[in-house]
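Novice: Here you go, one structure.
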Amino acid sequence: MALTRDLIIQGAQVLLVLALAPLLTGWVRKVKARLLRRRGPPLLQPYRELLRLIRKEAVLAENASWLFRVAPYMIFSAIWVAAALVPTFSIQLIFGRAADLIVIVALLGSARFFLALAGLDVGTSFGGIGSSREMMLAALAEPAMLMIVFTLSLMAGSTQLSSIAEYMIGPTVGIRISLALSAVALIMVALAENARIPVDNPATHLELTMVHEAMVLEYSGRHLAMIEAASSLKLLLYVSLLAAIFTPWGMASTGQSLAAYLLGAAVYAAKLAAGGFALAVFETSIAKMRVFRVSQFLGAALMLGLLATLLLFVSRNL
Amino acid sequence: MGLAALLGTVAALLALGILVLPLAHRRPASPLVYGTTLMLCGIALVIATRHLLTRGASAEDLVLPLGIPWLGAHFRLDALAAFFLLVVNLGGVSASLFSLGYGRHESAPGRVLPFYAAFLAGMNLVVLAADAFTFLLAWEFMSLSSWALVMAHHKEPGTAHAGFVYLAMASFGTLCLLLAFGLLAGPQGAYAFDQMRAHPPGPVIAGLALLLAVLGAGSKAGLVPLHPWLPLAHPAAPSQVSALMSGVMTKVALYGFVRIVFDLLGPPEWWWSVPVLVLGGLSAVLGVLNALMQNDLKRLLAYSTVENVGIIAIGLGLSLAFRATGIGWAASLALTAALFHVLNHSLFKSLLFFGSGAVMMATDERDMDRLGGLIHPMPLTAFAFLVGAAAISALPPLNGFASEWLTFQSILVSPQLPQWGLRFLVPAVGAILALSAALAAACFVKAFGITFLGRPRSARAQGASEVDAFALAAMFGLAALCLAAGLMPGVVVDALAPVTQALTGAHVPVQRGLAWLSLVPIAESRSAYNGLVLFTFIALSTLATVVAIHRLASHAVRRGPAWDCGFPDASPATQYSAGSFGQPIRRTFGTIIFAAREHITMPLPGDPAPARLELQLRDFIWNWLYQPLGGLVGRVADLLNHLQFLTIRKYLSLVFGVLIVLLLLLAVWR
């Protein structure tokens with residue numbers, strides 16, 4: 001009985017993240033457009049785009065290999081699974097016991113690994129530029145992320161995301177320096193990982209500074225749809241992660257009534273809206289960096305994460 | 001019983017090496033030798049595995065009347081030896097299987113076959129030895145036979161240099177180990193490991209022996225700054241030997257370290273972990289950064305071995321720190337992580353070297369800038385190499401991730417260490433571990449992407465074809481083991497329990513009864529990982545995606561020219577190459593670590609001369625440590641050269657003087 005209930009919650013979570021991800025992307029675009037005094041596309045536009053891409057034929061380069069066709073499935077499912085493991089409306093997720101926060105970071109790393117390989121597959125210069133830069137950014141963003149994971153795990157005494165969220169709800173947490181440092185670092189990493197503005201521009205093509213868009217340049221049709229959906233899911237994942245760690249209130253825990261779960265979902269939707277709004281405001285108020293300044297930006301995130309961890313090694317109360 | 005059988009297989013390997021000498025140039029010699037080594041290593045593998053799984057807690061001893069008369073040759077099969085024998089012989093089996101196909105392409109089988117069997121015998125003997133004399137003899141035997149294998153193609157440019165550097169480093173390592181054993185044996189000359197174990201040395205002697213063991217075993221394993229021979233020697237050898245040297249021999253060196261430090265030195269001091277952690281961290285980050293700068297596929301793999309040895313050393317160092325502090329369960333966790341990574345690295349590094357061997361078989365090239373597009377003619381090799389690359393990049397649910405996850409878990413319990421020095425060192429080491437894991441992923445995107453993807457960069461890469469069934473079987477077997485160890489890490493952790501029990505007095509909780517083959521190293525509320533469930537979850541969601549796409553999406557596929565933003569260039573030279581892929585990382589990290597400088601010479605407008613890009617990288621360790629050292633040795637040799645041309649009277653007075661000095665020393669000492 002309990003197992004069935006846990007499985008239903010996990011299933012609901014799997015479907016919820018998939019359903020909400022394009023909406024979040026549309027919301028960010030809408031707010032950005034409004035801030036620029038444009039009307040902007042309707043909120044549901046990303047869904048329409050995905051449907052349109054799915055219905056179109058896929059054009060493959062002549063020398064694209066099997067890896068090029070398999071990679072979108074790998075990328076999409078890795079990110080989907082990772083997004084399904086981050087608590088949204090319910091703290092306890094049954095598969096969360098099989099995969100802690102380190103696994104979620106590694107799953108995102110797997111998706112990046114295959115995306116970078118897909119960028120190299122056709123053998124064009126744009127694909128190579130995207131892949132090599134993506135791996136350079138990842139070489140700083142991933143350790144920064146892991147240092148944040150270390151900080152949170154040291155505080156909560158667990159690498160399980162549900163335990164961390166429970167700890168953050170609990171009364172013992174208080175205001176801590178290391179928590180503040182890791183929050184700043186996590187936001188910096190999230191911006192870089194989602195190819196958002198100070199690091200990369202999600203709305204650009206034909207620019208020598210592009211990273212993510214350069215890798216997916218050769219994709220079209222259903223393959224591109226999966227990659228676009230994966231990008232939306234990744235954005236949702238990071239917003240959910242920030243919400244689950246730093247604003248964990250309102251999530252339902254085991255044994256509560258259906259109403260608690262519904263309330264949790266409503267609160268989660270509000271958190272997503274707030275996160276998307278903040279992202280749009282941030283993006284419109286800042287300019288993009290040169291690509292080699294990004295390494296300093298991410299290096300700062302890594303140092304903040306390391307500092308936060310070090311403080312916890314020095315004293316449990318910092 | 002098991003020990004005697006193991007020694008029998010070692011003797012058979014040695015006999016094979018000798019018997020094949022007169023036949024080695026004949027055509028059927030190659031399948032005969034590799035077939036026999038495959039069988040013998042298989043037998044040894046079965047015995048070692050059985051001992052580890054069923055009688056892990058017990059040990060077998062045997063003394064043979066060989067070697068020094070009053071000492072004899074001691075052999076011992078305990079849990080630690082059984083685990084490393086498993087690693088050695090698994091490598092031996094897969095390398096022999098691979099060579100059944102690959103060996104046919106060998107141009108000088110007479111220089112490879114006898115030493116190949118001897119090399120395998122030497123590695124087995126090191127692990128079985130239970131006295132200092134036998135250990136050092138076997139160690140030297142292993143070094144020299146592998147040196148002979150490195151020199152197999154001695155006429156190729158660079159091989160002679162590689163062989164020289166390797167020989168020098170191997171001699172240095174053995175010298176250090178000799179001194180370490182001398183210190184442990186003490187003035188009464190107790191050379192058997194049993195005697196050393198029974199009388200552990202005092203703290204000063206033990207500390208000295210630890211440093212000597214780090215230098216001796218570290219030079220063989222490739223710890224920075226003792227690593228320069230690896231990227232020279234490993235690529236020079238034939239590929240199955242590279243796989244054994246990188247995947248297995250470095251592990252035998254680590255076995256030597258574990259045997260001396262964890263077993264013979266007695267209770268550790270906390271500062272012992274510091275040199276191990278520092279050198280491990282340096283190796284991890286410098287190894288992977290160097291690997292990223294390489295164009296040669298096998299050199300890249302050799303540098304990546306330096307990185308992985310560093311990761312293992314970090315685990316060992318943490319274990320030492322915990323053990324010195326008396327936190328047995330954490331010591332066993334860190335040791336389990338390190339030994340698990342030993343097994344994993346031997347699996348995927350052998351696989352990757354086989355892949356590079358397959359590429360060389362098909363194209364006769366290992367310069368990545370002359371390869372590319374090999375996924376089309378060699379889809380199976382490409383798939384196996386991809387699995388190895390994903391495993392070494394620590395992608396879940398493969399095995400590399402499981403051992404790295406365990407290492408991270410042991411770092412996360414280290415705030416319990418009371419020493420302030422370690423409290424600052426361990427988080428820094430953790431950051432370095434995270435950094436090197438991310439860089440390793442970049443490195444293997446490069447290795448796979450430039451070699452197998454894109455368009456062929458040379459005619460040889462264009463005309464490649466898939467390799468034979470033996471080579472493919474070896475690669476796919478290892479790939480399957482990588483997946484299996486990743487999905488069922490609990491099985492490996494349980495198998496390691498007797499080893500950690502013997503060395504740290506504790507073991508990680510038994511994983512066997514846990515639901516769904518979960519891995520719970522400490523407690524479930526703290527951390528758990530389940531590769532099987534994760535794999536199933538990923539497989540299900542991929543399946544759902546495939547079904548949905550199949551139902552909903554258009555099936556139409558059209559092949560067309562590459563888009564490339566509307567400016568496709570027909571020349572494959574416009575692709576990203578190995579050098580250009582590494583450029584962003586070189587620019588981010590290399591300006592300090594390699595003092596990387598780029599000089600661009602642009603011709604004036606209208607001038608048809610080509611533009612030039614010159615890249616300058618410096619190897620500080622080579623320039624500041626080895627070159628001055630080499631120069632010093634040369635100058636001392638020049639000075640001592642005068643001694644060769646003395647008259648007999650001067651020689652006699654020299655001998656007399658030395659005698660007086662020694663007697664005086666003795667008199668003062670007493």
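The values are calculated or read from the model by the stated rules, or taken from the named source; none is laboratory data. Because the structure is a prediction, the values reported are computed rather than measured. Glycine gets a Cβ as well: all are built from the backbone with ideal geometry, and neighbour counts include every protein chain shown.
Novice: A:V14 is checked against (1) more than 14 Å from chain B (Cβ to nearest Cβ); (2) crowded, with 20+ Cβ neighbours inside 10 Å and fails just one. What number does that condition carry?
Specialist: (1)
Novice: Quick check, is B:D78 acidic (D, E) and buried (at least 22 other Cβ atoms within 10 Å of the Cβ)? First the steps, then the outcome.
Specialist: Values: acidic (D, E): yes; buried (at least 22 other Cβ atoms within 10 Å of the Cβ): yes.
Yes, satisfied.
Novice: Separate question: Kindly indicate whether any position in segment A:126-133 is touching a Cys at 6+ places or on another chain (Cβ under 9 Å), part of a helix (DSSP H, G or I) and at pLDDT below 95.
Specialist: Going residue by residue through segment A:126-133, those that are touching a Cys at 6+ places or on another chain (Cβ under 9 Å) are A:126.
Pick out the ones that are also part of a helix (DSSP H, G or I) and you get A:126.
Keeping just the survivors that are at pLDDT below 95 gives A:126.
The answer is yes; a qualifying residue exists.
Novice: Just to be sure before I move on: is B:A495 more than 14 Å from chain A (Cβ to nearest Cβ), surrounded by fewer than 23 Cβ atoms within 10 Å (Cβ to Cβ) and at pLDDT below 95 in the structure I sent?
Specialist: Numbers: more than 14 Å from chain A (Cβ to nearest Cβ): yes; surrounded by fewer than 23 Cβ atoms within 10 Å (Cβ to Cβ): yes; at pLDDT below 95: yes.
It is true that B:A495 is more than 14 Å from chain A (Cβ to nearest Cβ), surrounded by fewer than 23 Cβ atoms within 10 Å (Cβ to Cβ) and at pLDDT below 95.
Novice: Condition check: at pLDDT below 95 and either part of a helix (DSSP H, G or I) or more than 7 Å from every other protein chain (Cβ to nearest Cβ) (or both). Does A:L154 satisfy that? Show your work before the answer.
Specialist: Values: at pLDDT below 95: yes; either part of a helix (DSSP H, G or I) or more than 7 Å from every other protein chain (Cβ to nearest Cβ) (or both): yes.
When the stated conditions are applied, A:L154 passes them.
Novice: Just checking: which of the helices (runs of 4 or more DSSP H) contained wholly in segment A:211-318 hold 2 or more residues that are more than 10 Å from chain B (Cβ to nearest Cβ), over 30 Å from A:R37 (Cβ atoms) and of a type in the set (A, V, I, L, M, F, W, C)? Walk me through how you get there before you give the answer.
Specialist: Values: elements: A:212-215, A:221-246, A:258-284, A:294-314.
Qualifying helices (runs of 4 or more DSSP H): A:221-246, A:258-284, A:294-314.
Novice: Taking the residues in segment B:537-562 that are touching an Asp or Glu at 6+ places or on another chain (Cβ under 8 Å) and outside any loop (DSSP other than H, G, I, E, B) as candidates, determine which candidate is surrounded by the most Cβ atoms within 10 Å (Cβ to Cβ).
Specialist: Ranking the candidates gives B:V557 first.
Novice: Same structure, new question: Within segment A:25-70, how many residues are among the hydrophobic types (A, V, I, L, M, F, W, C), over 30 Å from B:F385 (Cβ atoms) and not in a loop (DSSP other than H, G, I, E, B)? Can you show your working first?
Specialist: Of segment A:25-70, the ones among the hydrophobic types (A, V, I, L, M, F, W, C) are A:27-28, A:31, A:33, A:35-36, A:43-44, A:50-51, A:53-54, A:58-61, A:64, A:66-68, A:70.
When the remaining residues are screened for being over 30 Å from B:F385 (Cβ atoms), the result is A:27-28, A:31, A:33, A:35-36, A:43-44, A:50-51, A:53-54.
This time we only want the ones that are not in a loop (DSSP other than H, G, I, E, B), so: A:27-28, A:31, A:33, A:35, A:50-51, A:53-54.
So the count comes out to 9.
Novice: Of everything in segment B:352-398 that's among the β-branched types (V, I, T) and assigned to a helix (DSSP H, G or I), which residue is farthest from B:E524 (Cα to Cα)? Don't jump to the end; show me each part of the working.
Specialist: Of all residues in segment B:352-398, those among the β-branched types (V, I, T) come to B:359, B:363, B:375, B:381, B:387, B:392.
Retained after the next criterion (residues that are assigned to a helix (DSSP H, G or I)): B:359, B:363, B:381, B:387, B:392.
On the way: B:V359: 44, B:T363: 50, B:T381: 39, B:V387: 30, B:I392: 27 Å.
Of everything passing the filter in segment B:352-398, B:T363 is farthest from B:E524 (Cα to Cα).
Novice: Give segment B:120-134 a look and list any residue that's under 28 Å from B:A185 (Cβ atoms) and within 20 Å of the chain's Cα centre (by Cα), or say none.
Specialist: Those that are under 28 Å from B:A185 (Cβ atoms) and within 20 Å of the chain's Cα centre (by Cα): B:A121, B:G122, B:M123, B:N124, B:L125, B:V126, B:V127, B:L128.
Novice: Which is under 23 Å from A:R97 (Cβ atoms), touching a residue at least 12 places away in the same chain (Cβ under 8 Å) and under 16 Å from the mean Cα position of the chain (by Cα), of A:V149, A:V189, A:V173? Lay out the reasoning, then the answer.
Specialist: Values: A:V189 fails: under 23 Å from A:R97 (Cβ atoms); A:V173 fails: under 16 Å from the mean Cα position of the chain (by Cα).
Within the list A:V149, A:V189, A:V173, the selection yields A:V149.
Novice: Identify, from the list B:I621, B:I660, B:I585, the residue that is part of a helix (DSSP H, G or I), more than 14 Å from every other protein chain (Cβ to nearest Cβ), touching a residue at least 24 places away in the same chain (Cβ under 8 Å) and of a type in the set (A, V, I, L, M). Break it down into steps so the answer makes sense when it comes.
Specialist: On the way: B:I660 fails: touching a residue at least 24 places away in the same chain (Cβ under 8 Å); B:I585 fails: more than 14 Å from every other protein chain (Cβ to nearest Cβ).
On inspection, the qualifying residue turns out to be B:I621.
Novice: Return the residue satisfying two criteria in turn: it lies in segment B:301-359 and is more than 14 Å from the chain's Cα centre (by Cα) and polar (S, T, N, Q), and of such residues it is modelled with the lowest pLDDT.
Specialist: Filtering first and then ranking leaves B:T325.
Novice: Can you confirm whether B:F401 is facing chain A (nearest Cβ under 7 Å) and either touching a residue at least 60 places away in the same chain (Cβ under 8 Å) or assigned to a helix (DSSP H, G or I) (or both)? Talk me through it step by step, then tell me what you get.
Specialist: Numbers: facing chain A (nearest Cβ under 7 Å): yes; either touching a residue at least 60 places away in the same chain (Cβ under 8 Å) or assigned to a helix (DSSP H, G or I) (or both): yes.
Here the answer is yes, as B:F401 does meet what is asked.
Novice: Only residues that are more than 20 Å from A:L307 (Cβ to Cβ) and either among the aliphatic types (A, V, I, L, M) or part of a loop (DSSP other than H, G, I, E, B) (or both): list them for segment A:169-197, please. Quick ask: steps written out before the conclusion?
Specialist: Applying the first criterion (more than 20 Å from A:L307 (Cβ to Cβ)) to segment A:169-197 yields A:169-172, A:193-197.
A:I169, A:G170, A:P171, A:T172, A:N194, A:A195, A:R196, A:I197 - these are the residues of segment A:169-197 that are more than 20 Å from A:L307 (Cβ to Cβ) and either among the aliphatic types (A, V, I, L, M) or part of a loop (DSSP other than H, G, I, E, B) (or both).
Novice: Scan segment B:466-488 and give yes if some residue there is under 30 Å from A:A301 (Cβ atoms) and crowded, with 24+ Cβ neighbours inside 10 Å, otherwise no.
Specialist: Residues of segment B:466-488 under 30 Å from A:A301 (Cβ atoms): B:486.
Filter once more, keeping what is crowded, with 24+ Cβ neighbours inside 10 Å: B:486.
Yes: segment B:466-488 contains one or more residues that are under 30 Å from A:A301 (Cβ atoms) and crowded, with 24+ Cβ neighbours inside 10 Å.
Novice: Then there is this: Restricting the search to segment B:286-299, which residues are in contact with a Phe, Trp or Tyr (Cβ under 9 Å, 6 or more places away or on another chain) and either assigned to a helix (DSSP H, G or I) or without any contact (Cβ under 8 Å) to a residue 40 or more places away in the chain (or both)?
Specialist: Narrowing segment B:286-299 to residues in contact with a Phe, Trp or Tyr (Cβ under 9 Å, 6 or more places away or on another chain): B:286-294, B:298.
Across segment B:286-299, the qualifying residues are B:L286, B:G287, B:V288, B:L289, B:N290, B:A291, B:L292, B:K298.
Novice: Could you count how many residues in segment A:215-239 are basic (K, R) and under 26 Å from A:M188 (Cα atoms)?
Specialist: The qualifying residues number 1.
Novice: Just checking, how many residues over segment B:427-461 are within 8 Å of chain A (Cβ to nearest Cβ), surrounded by fewer than 24 Cβ atoms within 10 Å (Cβ to Cβ) and assigned to a loop (DSSP other than H, G, I, E, B)?
Specialist: Residues flagged as within 8 Å of chain A (Cβ to nearest Cβ), surrounded by fewer than 24 Cβ atoms within 10 Å (Cβ to Cβ) and assigned to a loop (DSSP other than H, G, I, E, B) within segment B:427-461 amount to 1.
Novice: Take the residues of segment B:384-396 that are at the interface with chain A (Cβ under 9 Å from one of its Cβ atoms) and over 14 Å from B:K446 (Cα atoms): which is farthest from the chain's Cα centre (by Cα)?
Specialist: Taking segment B:384-396 first, the residues at the interface with chain A (Cβ under 9 Å from one of its Cβ atoms) are B:386, B:389-390, B:393-396.
From what's left, over 14 Å from B:K446 (Cα atoms): B:394-396.
Details: B:A394: 16, B:L395: 19, B:P396: 21 Å.
Among those residues, the one meeting the criterion is B:P396.
Novice: State which residue is farthest from A:T124 (Cα to Cα) when the search covers only segment B:551-568 and only residues that are touching a helix residue (DSSP H, G or I) at 6+ places or on another chain (Cβ under 7 Å) and not aliphatic (A, V, I, L, M).
Specialist: Checking each candidate, the answer is B:S554.
Novice: Tell me the residue from A:R37, A:R55 that is closer than 23 Å to A:L279 by Cα, surrounded by fewer than 22 Cβ atoms within 10 Å (Cβ to Cβ) and either at pLDDT 95 or above or among the charged types (D, E, K, R) (or both), please.
Specialist: Values: A:R55 fails: closer than 23 Å to A:L279 by Cα.
When all the criteria are applied, what remains is A:R37.
Novice: Just name the residue that is surrounded by the fewest Cβ atoms within 10 Å (Cβ to Cβ) out of those in segment B:563-612 that are among the small types (G, A, S), touching a Gly at 6+ places or on another chain (Cβ under 9 Å) and at pLDDT below 90. Please lay out each step first, then the result.
Specialist: Step one: list which residues in segment B:563-612 are among the small types (G, A, S), which gives B:566, B:570-571, B:573, B:577-580, B:582, B:590, B:595-596, B:606, B:609, B:611.
This time we only want the ones that are touching a Gly at 6+ places or on another chain (Cβ under 9 Å), so: B:577, B:580, B:582, B:590, B:596.
Still in the list and also at pLDDT below 90: B:590, B:596.
Working: B:G590: 22, B:A596: 18.
Taking the candidates together, the pick is B:A596.
Novice: Could I ask something else about it? Filter segment A:157-166 down to the residues that are polar (S, T, N, Q) and at the interface with chain B (Cβ under 7 Å from one of its Cβ atoms) and list them by number. Can you show your working first?
Specialist: Here is the first cut: in segment A:157-166, the residues polar (S, T, N, Q) are A:158-160, A:162-163.
Listed by number, the residues that qualify are A:S158, A:T159, A:Q160, A:S163.
Novice: Assess whether A:G119 counts as being outside any helix (DSSP H, G or I) and in contact (Cβ under 8 Å) with a residue 60 or more places away in the chain. Full working, then the answer.
Specialist: Numbers: outside any helix (DSSP H, G or I): no; in contact (Cβ under 8 Å) with a residue 60 or more places away in the chain: yes.
So A:G119 does not fit the description; no.
Novice: Still on this model: Give me the pairs: first residue in segment A:88-105 and at the interface with chain B (Cβ under 7 Å from one of its Cβ atoms) and part of a helix (DSSP H, G or I), second residue crowded, with 24+ Cβ neighbours inside 10 Å and of a type outside the set (A, V, I, L, M, F, W, C), beta-carbon distance under 6 Å, and six or more apart or on different chains, which are they?
Specialist: Hits for this filter: A:I102/A:T159; A:V103/B:P396.
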